[in-house]
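To start, the structure under review is shown below, and the notes come after it.
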Amino acid sequence: MSAAEVSVRRRRGSFGRLFASEVHLVFGRRRNQVGLLVLFGLVTMLGVALKVSAMRHPGDRGGDLFSLVAGNGVFLGFAGLTIEIALFLPLAVSVLAGDAVAGEANLGTLRYLLVAPVGRGRLLVVKACALGVGALTGAVLVALAGVLVGVLLFGAGPLITLSGSQIGLGDGLLRLLLAALYVAVGLAALGMIGLFISTLTEQPIAATVATAMVSTLLWILDAVPQLDWLHPWLLVDRWSAFIDLLRDPVFTDRMVTGLWVDIAYGAVFLFAAWLRFRVKDITS
Amino acid sequence: MSSAPPAIASDGLGKRFGRQQVVADLALDVPKGACYGFIGPNGSGKTTTIRMLLGLVRPDGGSCSLLGEPMPSAAASVLPRVGALVEGPAFHPYLSGTANLLRVDAADPTSDPATARSRVGSALERVGLSAAAGKRYRAYSLGMRQRLGIAAALLQPRDLLVLDEPTNGLDPQGTREVRHLVAGLAAEGTTVFVSSHLLAEVEQLCDHIGVMREGRLVAQGPLAELEGLRAQRFRLQTADVAAARGVLSGLGVQDASEATDGLAGSLSGVEPERIVRALVEAGVAVRGFAVVRPTLEEAFVELTGEGFDVSG
Ligand SMILES: Nc1ncnc2c1ncn2[C@@H]1O[C@H](COP(=O)(O)OP(=O)(O)OP(=O)(O)O)[C@@H](O)[C@H]1O
Ligand SMILES: [Mg+2]
């Protein structure tokens, strides 16, 4: 049988198959599994630290998020997202983004994907989707870790919002899920910056470090009061706005604007990655 | 001969990396069904040419086509019919051989997921890797890795195989097996384009060759035709060098050069019998006269210039 007799038509579901292969690759990698464990462990450590301080100073409650945890374990999910959003989650996404294209180039597997032929645009879209899944997994895992550890240490029940009102447990969990999704969109946008950087180099570590540096720089700029005119334009400026979900009624203005900023960043950098990758000489 | 389009054709193909012209003005012509040996010393531009043919590297100038369709624009429809090994194998170290091949197969949008496992299994079997199919790639030896690379090229029935130094790193037994495998595929009608810096290998396997030197194709054609390049030479043993030279130039043999104990040079189409008779009749004391044909190896070294030194 010659190949000419075999259909060279694109098969339905081929994108899904490649996407499944990509997700399998990312989650099958030991290092990435350890990364997820670290994200989980950090929330556990936070929970234990809060438990210890609650035992040493019982009844000493402020009105901030961390104090609320002692009253209801579900709050640990929000607290976990708060402590991991600035460094650990962006770092995790940077690692995945560094691997995405530069990692394949470094191994040389990129040339075999391209002669398969995967299609450059198709590969980039699959990589972008996998980064989205990675971002989502990280954020949801942190929230989930918060609920598990929090409920174990502090118990569950109705939640007191930051506005002082009370909401049911189910409502609270739903709001936590929304918070994780919101964080994931921001992280995915950072992933697109990383994907672009990943098309510029054959060194995954370099791409990872550069992406993590971009994220850190954005946080630093966002913290300098003299630059407040710049803040609304920074990707990370509204990342912490998920805390608005703990107000009653929920305050959505900042989050909606935040989502638009995320989408704009994501689209611009995905497009930049495509412009670069489309014509790149693959000499690795 | 049929008027089928050539399996590989290029015209004026060129590539420059920085200030170095790595491939220049390349006009490849690989007939359909041929087994084409692409030889040249290290750094002569073989891999770069293959990368351009497969659409990995964009040529600066010229055009090329695979199986009659222009590259890289027709990559999506042509490449599923092309199996390739480019500059050695490359796989994910923490995946098994099987998992790696499944990934390569998943990347091809035209491949049938229903038959993926069986195709992967038979590709592994063809290269003798069935026993190591479940082993992680990082635990593979050099030769096993090379075999896995070849297996990836055989995941589908192909019309064209482009193999860049396929026997690199294989033991003698493995080299023989791969040669046998490639010969079998060629016999089935698959066009094979195989690069090598080992002339002996290409000579045994191929019916066409192209010779690269510093980015240029210095010879190309059916092997039998290129054998004609091996002009016959003579060696004359004599003490009367000056007299012998006079007789030879009288016969039209001009480029004779001094050898250790006489003269040597190209016959220039003159029959050896005539030369010997003329020498004897002129009273030149002939101690010995021999006609020698250079090996293909020697012809190759002549074509590629300074032999096997890396240029660039
Ligand atoms: N990415 C690159 N950047 C700069 N120069 C390159 C690059 N890739 C190849 N070259 C140069 O191009 C020339 C040809 O390289 P190529 O790999 O095509 O040779 P080759 O014929 O395949 O050699 P070998 O037999 O060693 O595999 C070499 O001089 C090499 O240094
Ligand atoms: Mg090479």
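The values are calculated or read from the model by the stated rules, or taken from the named source; none is laboratory data. Predicted model only: the values in this text are computed from it and were never measured. Here Cβ is always computed from backbone atoms with ideal geometry, including for glycine, and neighbour counts include all displayed protein chains. Protein only, heavy atoms only, side chains kept; ligands, DNA and RNA dropped before computing areas. Shrake-Rupley method; radii C 1.70, N 1.55, O 1.52, S 1.80 Å.
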Can you tell me which residues in the range A:28-43 are surrounded by 17 or more Cβ atoms within 10 Å (Cβ to Cβ) and either more than 14 Å from chain B (Cβ to nearest Cβ) or in contact with a His (Cβ under 7 Å, 6 or more places away or on another chain) (or both)? A:Gly35, A:Leu36, A:Leu39, A:Phe40, A:Leu42, A:Val43
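On the basis of being of a type outside the set (A, V, I, L, M, F, W, C), assigned by TED's automatic domain parsing to the domain that holds B:Val30, open to solvent by less than 10 Å² (accessible area, probe 1.4 Å) and away from ligand 2 (no atom under 16 Å from the Cβ), does B:Thr175 make the cut? Talk me through it step by step, then tell me what you get.
Numbers: of a type outside the set (A, V, I, L, M, F, W, C): yes; assigned by TED's automatic domain parsing to the domain that holds B:Val30: yes; open to solvent by less than 10 Å² (accessible area, probe 1.4 Å): no; away from ligand 2 (no atom under 16 Å from the Cβ): yes.
Judged against the criteria, B:Thr175 is not a match.
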Which condition number in (1) in contact (Cβ under 8 Å) with a residue 12 or more places away in the chain; (2) open to solvent by 60 Å² or more (accessible area, probe 1.4 Å); (3) in contact with a helix residue (DSSP H, G or I) (Cβ under 9 Å, 6 or more places away or on another chain) is the one that A:Thr252 fails? (1)
From B:Val211, B:Val253, B:Val202, which residue is part of a loop (DSSP other than H, G, I, E, B) and surrounded by 18 or more Cβ atoms within 10 Å (Cβ to Cβ)? B:Val253
Filtered residues of the range B:1-42 (kept if more than 14 Å from every other protein chain (Cβ to nearest Cβ) and within 12 Å of ligand 2 (Cβ to nearest atom)): B:Phe38, B:Ile39, B:Gly40, B:Pro41, B:Asn42
Selection count, the range A:27-47, where residues are over 15 Å from the mean Cα position of the chain (by Cα) and among the aromatic types (Phe, Trp, Tyr): 0
Answer from B:Gly40, B:Gly88, B:Gly97, B:Gly14 - the residue that is open to solvent by less than 10 Å² (accessible area, probe 1.4 Å), within 16 Å of ligand 1 (Cβ to nearest atom) and out of contact with any Ser or Thr (no Cβ under 9 Å at 6 or more places or on another chain): B:Gly14
Do you know which of the residues in the range B:256-273 that are surrounded by fewer than 13 Cβ atoms within 10 Å (Cβ to Cβ) and not small (Gly, Ala, Ser) is modelled with the lowest pLDDT? B:Thr260
Helices (runs of 4 or more DSSP H) contained in the range A:44-151 and holding at least 2 residues closer than 26 Å to A:Phe196 by Cα and open to solvent by 30 Å² or more (accessible area, probe 1.4 Å): A:88-98, A:104-107
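Considering every residue within the range B:48-67, establish whether at least one is under 24 Å from A:Ser284 (Cα atoms), within 16 Å of ligand 2 (Cβ to nearest atom) and in contact with a His (Cβ under 7 Å, 6 or more places away or on another chain).
Of the residues in the range B:48-67, the ones under 24 Å from A:Ser284 (Cα atoms) are B:48-66.
Filter once more, keeping what is within 16 Å of ligand 2 (Cβ to nearest atom): B:48-54, B:56-57.
Keeping just the survivors that are in contact with a His (Cβ under 7 Å, 6 or more places away or on another chain) gives none.
The answer is no; no qualifying residue exists.
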In the range B:130-187, which residues are under 21 Å from the mean Cα position of the chain (by Cα) and among the charged types (D, E, K, R)? B:Arg147, B:Arg158, B:Asp159, B:Asp164, B:Glu165, B:Asp171, B:Arg176, B:Glu177, B:Arg179
How many residues are closer than 18 Å to B:Arg103 by Cα, surrounded by fewer than 17 Cβ atoms within 10 Å (Cβ to Cβ) and not acidic (Asp, Glu) when one looks only at the range B:125-148? 5
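Yes or no, residue by residue, for (1) away from ligand 1 (no atom under 16 Å from the Cβ); (2) touching a strand residue (DSSP E or B) at 6+ places or on another chain (Cβ under 8 Å); (3) in contact (Cβ under 8 Å) with a residue 40 or more places away in the chain; (4) not assigned by TED's automatic domain parsing to the domain that holds B:Asp171:
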{"site": "B:Ala84", "(1), (2), (3), (4)": "no, yes, yes, no"}
{"site": "B:Leu102", "(1), (2), (3), (4)": "yes, no, no, no"}
{"site": "B:Asp105", "(1), (2), (3), (4)": "yes, no, yes, no"}
{"site": "B:Ala114", "(1), (2), (3), (4)": "yes, no, no, no"}
{"site": "B:Ala123", "(1), (2), (3), (4)": "yes, no, no, no"}
{"site": "B:Ala131", "(1), (2), (3), (4)": "yes, no, no, no"}
Pairs returned, first residue in the range B:261-287 that is more than 9 Å from B:Leu236 (Cβ to Cβ) and assigned by TED's automatic domain parsing to the domain that holds B:Ala242, second residue that is of a type in the set (Phe, Trp, Tyr) and open to solvent by less than 50 Å² (accessible area, probe 1.4 Å), beta-carbon separation under 6 angstrom, 6 or more apart or interchain, are B:Leu267/B:Phe234
Determine whether the range B:58-74 contains at least one residue that is of a type in the set (A, V, I, L, M), at the interface with chain A (Cβ under 8 Å from one of its Cβ atoms), free of Cβ contacts under 8 Å to residues at least 60 places away in the same chain and buried (at least 17 other Cβ atoms within 10 Å of the Cβ). no
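Does B:Gly221 satisfy the criteria of being surrounded by fewer than 16 Cβ atoms within 10 Å (Cβ to Cβ), at pLDDT 80 or above and either acidic (Asp, Glu) or under 31 Å from the mean Cα position of the chain (by Cα) (or both)? Spell out how you get there, then give the answer.
On the way: surrounded by fewer than 16 Cβ atoms within 10 Å (Cβ to Cβ): yes; at pLDDT 80 or above: yes; either acidic (Asp, Glu) or under 31 Å from the mean Cα position of the chain (by Cα) (or both): yes.
Taking the combined requirement at face value, the residue satisfies it.
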